[in-house]
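The values are calculated or read from the model by the stated rules, or taken from the named source; none is laboratory data. Source: prediction; values computed, not measured. Using ideal geometry, Cβ is built from the backbone for each residue, glycine included, and neighbour counts are taken over all protein chains shown.
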Amino acid sequence: MKESSPLKILFASSEAFPLIKTGGLADVSGSLPRALQNLGHDVRLVLPGYQVVMSACKRRRLLSFEQEGHEVTLWQTTLPGSRVTVWLVDCAEFFDRPGNPYLDAQGEPWHDNAQRFALFCRVVARLAMDQFGLGWQPDVVHCNDWQTGLVPVALRHEPGRPALLFTVHNLAYQGLFSRQLFTELRLDEALWRFDRLEFHGQLSFIKGGLVFADRINTVSPTYAQEIQTEPFGHGLDGLLRHIGGRLSGILNGIDAREWNPGSDKQIAQRYNLRTLNKKGVNKVALQREFRLTPGEETPLLALIGRLVEQKGIDLLLAVLPELLQQPLQLVILGSGNRLLEQQLTELAARYPGRLAVAIGYDEGLAHRIEAGADIFLMPSRFEPCGLNQLYSLRYGTLPVVSPVGGLADTVVDADTPHGGSANGFVMAAVSAEALLATTRSALSCFHDKQRWRELQHNAMSEDFSWGKSAQAYRELYRLAQDDRDGERANGRV
Ligand code: ADP
């Protein structure tokens, strides 16, 4: 029977933890394939062979070939800490360079991103059709974000093609390039239409996924609804409403092994629900690390994330002077927009011992902050799923979040009428005033020890591991197969 039979799944992504990570996509690509494998499916992960990945892992050469005049070697390795097979698309010209997968040293997109990811997509499409003779053809290709948007385009006319799922992890990143690049990439002229790859005179990679995949999903049910509206649609809400029947939302899980305060080797003191009083040791360690005035009674707030407009950093900057009139401390870890980095650093200099800012990307520090803080701030303007609030819940670090996307789906406000399952604090709107008001509620609740423990208890007892969501993906793959088969039967391919 289709429902229960194991599937062969090719999971295509531009990053996967722990090999290469810039954000939540890597967390998902590093843990969902493993969860699917645990359900009995045969999953292969395919990634670009970035320099940092190639130099970090033991690998075996499968074959070398030419792709549109570029030398490509396909390597095989295993996702560290798992049995998931990883294929690396190694094209030195495009991927053998240091630094960020998408941005150059100046923080600008690599000048040849269109060519880099078009090549990646074309190789993935050939893998999907087993054109290299590896003796393995997937039933489903699971594509993720714009970097894989041309995979469905390349496969759309292939007889006997796998079913195609395209997951949107963040609609704000669309892979937009010039009309000239569309020509250079030798894409079929028939694709230059507003209902195909053209987007206001530009080539849109993400539209390849949205238009040509059998099914599309986002990483939370609320975000799946939001992106069909103008304020959240980034210009694609019309198209998304049009394909609404093929669009759904599945909440991300978390890697419950990696993010577990009971076994986390990166924190000063391990703890769990029963030994919650030990969490304070991590707080004191964090205060020491950041030269904050030591003291368990002072509420310690935290924020980790990309310092970009999406994350509402400007809202926090607007309320910080007022917030800091109260006895509290705040630790911020992030990098991104240079101006925001500078504003935060300057503010930290004005509040020594109370406000600490670490500019950079530091996985270990992220763990220590989750373990040491009391309250976690996520005032995002939009949030497809958000992982940090999930890590915070797991670590008993109660989140203050805006009422959007995956934040709305996972955080239950302490003041809700049915407050029995409350696990944090939800802002009434996305605004500086709401952030100030909700943070104040969280602070007053922090001093009510019993209520705080109740909320921590709710937060830490929740199960955000991948099990349920992996089952939901399994169901979505089946729907994608049905849609593909229906399309064939209707002759609409
Ligand atoms: P997004 O994908 O929009 O960046 P998510 O909340 O979905 O946001 O995922 C962000 C992931 O990246 C989390 O695992 C978070 O801990 C991590 N992260 C973001 N910025 C940093 C940083 N400066 N240092 C360490 N980890 C970070």
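G135 falls short of the stated requirement of being of a type outside the set (A, V, I, L, M, F, W, C), touching a Lys or Arg at 6+ places or on another chain (Cβ under 9 Å) and part of a loop (DSSP other than H, G, I, E, B). Taken as a whole, the structure leaves A318 outside the set of residues that are outside the structural domain of G334 (by TED's automatic domain parsing) and either at pLDDT below 95 or not polar (S, T, N, Q) (or both).
Scanning the range 379-400 for residues that are assigned to a loop (DSSP other than H, G, I, E, B) and either of a type in the set (G, A, S) or over 18 Å from T222 (Cβ atoms) (or both), we see that the one that is nearest to the ligand (Cβ to nearest atom) is G386. Please verify whether G405 is more than 30 Å from Q106 (Cα to Cα), of a type outside the set (V, I, T) and within 16 Å of the ligand (Cβ to nearest atom), treating the condition exactly as stated. Criteria met by G405. Of the strands (runs of 3 or more DSSP E) lying entirely inside the range 1-119, the ones with 2 or more residues being buried (at least 17 other Cβ atoms within 10 Å of the Cβ) are found at 8-12, 42-48, 70-78, 85-90. In the condition set (1) under 30 Å from G233 (Cβ atoms); (2) in contact with a helix residue (DSSP H, G or I) (Cβ under 9 Å, 6 or more places away or on another chain), T397 is compliant with all but (1). Close Cβ contacts (under 8 Å, 6 or more residues apart or on different chains) running from residues in the range 414-440 that are within 19 Å of Y391 (Cα to Cα) to residues that are basic (K, R) and surrounded by fewer than 17 Cβ atoms within 10 Å (Cβ to Cβ) comprise A414/R451. Scanning the range 226-260 for residues that are at pLDDT 95 or above and in a helix (DSSP H, G or I) yields E226, E230, P231, F232, D237, G238, L239, L240, R241, H242, R246. Looking only at the range 180-218, residues that are surrounded by fewer than 21 Cβ atoms within 10 Å (Cβ to Cβ), more than 28 Å from Q310 (Cβ to Cβ) and in contact with a strand residue (DSSP E or B) (Cβ under 7 Å, 6 or more places away or on another chain) come to 1 in all.
Out of L292, L276, one residue alone is part of a helix (DSSP H, G or I) and out of contact with any Asp or Glu (no Cβ under 8 Å at 6 or more places or on another chain). It is L276.
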